[in-house]
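Asks: Questions regarding the structure given below will be posed in turn.
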Number of protein chains: 2
Amino acid sequence: MADSDGQETFFAYMENERKKINDALERYFNKVSKQVNDQHMGKIVAELRDYTLSGGKRVRPILIVAAYRMFGGTGDEIYDAAISIELSQSFFLIHDDIMDRSDLRRGKKSFHRRVEDIIGNVKDREHMAEALAIVAGDLAVDYTFESLLEADFPADKKLMALKQLVEIIKVTGYGEGLDMFSSSGIKLTKNDLIRLHLRKTAKYTLEGPLLMGAYLAGRTHGLEHLKSYGNLVGLAFQLHDDVIGLFGTEKEIGKPPKSDVNEGKQTLLMIKAMENTQNEIRSFIQETLEKGDVSDGDFEKLKKIVAESGSLDYSRFLIDCFVASGKKYIGKIDGNDAERNFLIWFAGYLVSRKY
Amino acid sequence: MADSDGQETFFAYMENERKKINDALERYFNKVSKQVNDQHMGKIVAELRDYTLSGGKRVRPILIVAAYRMFGGTGDEIYDAAISIELSQSFFLIHDDIMDRSDLRRGKKSFHRRVEDIIGNVKDREHMAEALAIVAGDLAVDYTFESLLEADFPADKKLMALKQLVEIIKVTGYGEGLDMFSSSGIKLTKNDLIRLHLRKTAKYTLEGPLLMGAYLAGRTHGLEHLKSYGNLVGLAFQLHDDVIGLFGTEKEIGKPPKSDVNEGKQTLLMIKAMENTQNEIRSFIQETLEKGDVSDGDFEKLKKIVAESGSLDYSRFLIDCFVASGKKYIGKIDGNDAERNFLIWFAGYLVSRKY
């Protein structure tokens, strides 16, 4: 990788890494598919393969590889370990979509909807498809651990990375649960919310993968700055995602634009808008989130309130602060320049989708 | 443990092991509970703790410990590793009960029903409870890996045991999936069925735990006889469980006696009964399994057919064969007598619930 800060160099670097990660995923699924010896579950595993291979920007495994290289790791066995986090992504998305009753994911059918097509016109079809999707998610989390266990690394480094993987999945699980409580109408404070985001996104998308890469390279000390970078940039990424979720198009979001609102998601955008407004408007926000199935008119009104109340600017301000501050921590890390430059660029890239 | 074959000695041994396993589970949950720092998910984890601690005969962790001791393992750290399989049991049962829409487990409310009590009268309560139960199951599988990762064993032994744990969960997942296909009305052959049982029960309940114990003791070769014992006795255990499931009382089964039939479960009892009968009776069996919600009269008629067609005797015959043959393999194992004697006794104990 060049150590220039040119966009194109970094995009080419990411594209190249993505290809190697996809190759490793294919290798893994080729091995797993051979072990399934009945045609029915064979179809489910084939669908899981397609689901995992066809979507996703591979941000998390790319971060595992980048941290590994930053701390001196050289071999290509890192790709076999890095796919573990991508398999956990399939696990989370599949179960998430069942929990949120989402029909779409990445612009395509969600996994349980795909299973409906596989099983055809059986008795109790919808429930059966959900049940099989629960099993597929359970298999994906098992594959998550298996892929890392099978990767060619010394036992001590592998155990460190495995412990971090366990931590990532645990923290993400707590976040998902809290998210469900929030959707069911339980009021969260701004602090609860930041904690939820920190946990669920920052740990899972940034800090966790970076630490896994570091551990696999044998680096176990002096990782505080890397953690700070992960937490700050992860938080910015989640806030940015919430903004896209409200103001983006269906194509940008990957599901219908009203999804977040219909799910009653209590984002910082909503909480801050309620803080900044008075009785009537505040009640409107609250009721719109509670009742679901928002009308076009109310949806536009809600967006207008979020923008005009200063809530949108507040999120934008935080995003900029967190990214700037995250970048500074990279400067303090004792590691290779090429990957440090990549991580500095990457922080901005993550929040660059326009809104 | 005494090496006598007296029932009482073995029962006392199991009771003693059970206590140590429960202590290790308590230690683990004490640690985990402290890490959850919001009250909502705190309640879910507390419920998971109660669910895991209050039920189950601890057959699987007892087998891990027995194999460990049989191959010379001495320390008490084995209990911290053995609970991993009990945590995976919570994971499987929680997700299973959602998939099967079961309200009861071990004679108490199933986990998603318990969650309904926790969340109270929220919007979309039933679905929210199921969603949170999916998350709780996902946390339990993460705890499964964490408990083994944190146990105090040398890295190489731990990695071997972890790989076996991954294998157990994978094979069980395939079995569960096939089970769902079967419940949705897809016809399974007798071979499919034996394979399903071998996978799901034999691997998960017998072979897998025994291998984990062996690996943790550092034994990695000459395990064929132990595997054969596990497969045969596991198969017998599943067949016996199917018999109890049809002919047992609610107390013996832990859920309503008609559950298996209402779920359309294609047990060997049903398949053999269909093989042994003619058109009308065969159609009756098939239709009863397909339509669910069986009447008292039809349920009694079904049991009578299974008994009189020779199908019940066929299962009984297989159970006896498998147990006898499993016991013989123990004789060939190069390990300590005390645990070998226990495993010989244990094979009979597993299929001793009366019917």
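The values are calculated or read from the model by the stated rules, or taken from the named source; none is laboratory data. Since the model is a prediction, treat every value here as computed from it, not as a measurement. Glycine also receives a Cβ, built like all others from the backbone with ideal geometry; neighbour counts cover every protein chain displayed.
Asks: In the stretch B:36-67, how many residues are in contact (Cβ under 8 Å) with a residue 12 or more places away in the chain, assigned to a helix (DSSP H, G or I), surrounded by fewer than 18 Cβ atoms within 10 Å (Cβ to Cβ) and among the small types (Gly, Ala, Ser)?
Replies: The total comes to 2.
Asks: Residues of the stretch A:140-163 being aliphatic (A, V, I, L, M) and at the interface with chain B (Cβ under 9 Å from one of its Cβ atoms), which ones? Spell out the reasoning first.
Replies: So in the stretch A:140-163, the residues aliphatic (A, V, I, L, M) come out as A:140-141, A:148-149, A:151, A:155, A:159-162.
Result: A:VAL141, A:LEU149, A:ALA155, A:LEU159, A:LEU162.
Asks: Any residue in the stretch A:138-152 that is in contact (Cβ under 8 Å) with a residue 60 or more places away in the chain, more than 23 Å from B:SER88 (Cα to Cα) and not in a helix (DSSP H, G or I)?
Replies: There is at least one residue in the stretch A:138-152 that is in contact (Cβ under 8 Å) with a residue 60 or more places away in the chain, more than 23 Å from B:SER88 (Cα to Cα) and not in a helix (DSSP H, G or I).
Asks: Restricting to the stretch B:266-322, give me the number of residues that are in contact with an Asp or Glu (Cβ under 8 Å, 6 or more places away or on another chain) and assigned to a loop (DSSP other than H, G, I, E, B).
Replies: 2
Asks: For the stretch A:1-35, what are the residues that are surrounded by 13 or more Cβ atoms within 10 Å (Cβ to Cβ) and of a type in the set (A, V, I, L, M, F, W, C)?
Replies: A:MET1, A:ALA2, A:PHE10, A:ALA12, A:MET14, A:ILE21, A:ALA24, A:LEU25, A:PHE29, A:VAL32 - these are the residues of the stretch A:1-35 that are surrounded by 13 or more Cβ atoms within 10 Å (Cβ to Cβ) and of a type in the set (A, V, I, L, M, F, W, C).
Asks: For B:LYS43, state whether it is modelled with pLDDT of 95 or more and facing another protein chain (nearest Cβ under 10 Å).
Replies: yes
Asks: Now, a different point. Of everything in the stretch A:61-107 that's more than 17 Å from the chain's Cα centre (by Cα) and within 30 Å of B:LEU132 (Cβ to Cβ), which residue is nearest to the other protein chains (Cβ to nearest Cβ)?
Replies: Step by step, filter the stretch A:61-107, then rank; the result is A:ARG101.
Asks: In the stretch B:88-111, is there at least one residue being out of contact with any Pro (no Cβ under 8 Å at 6 or more places or on another chain), in contact (Cβ under 8 Å) with a residue 24 or more places away in the chain and under 30 Å from B:ASN336 (Cα atoms)?
Replies: The answer is yes; a qualifying residue exists.
Asks: Okay, next question. Tally up the residues in the stretch B:277-326 that are surrounded by 14 or more Cβ atoms within 10 Å (Cβ to Cβ), free of Cβ contacts under 8 Å to residues at least 24 places away in the same chain and basic (Lys, Arg), please.
Replies: Looking only at that region, the number is 2.
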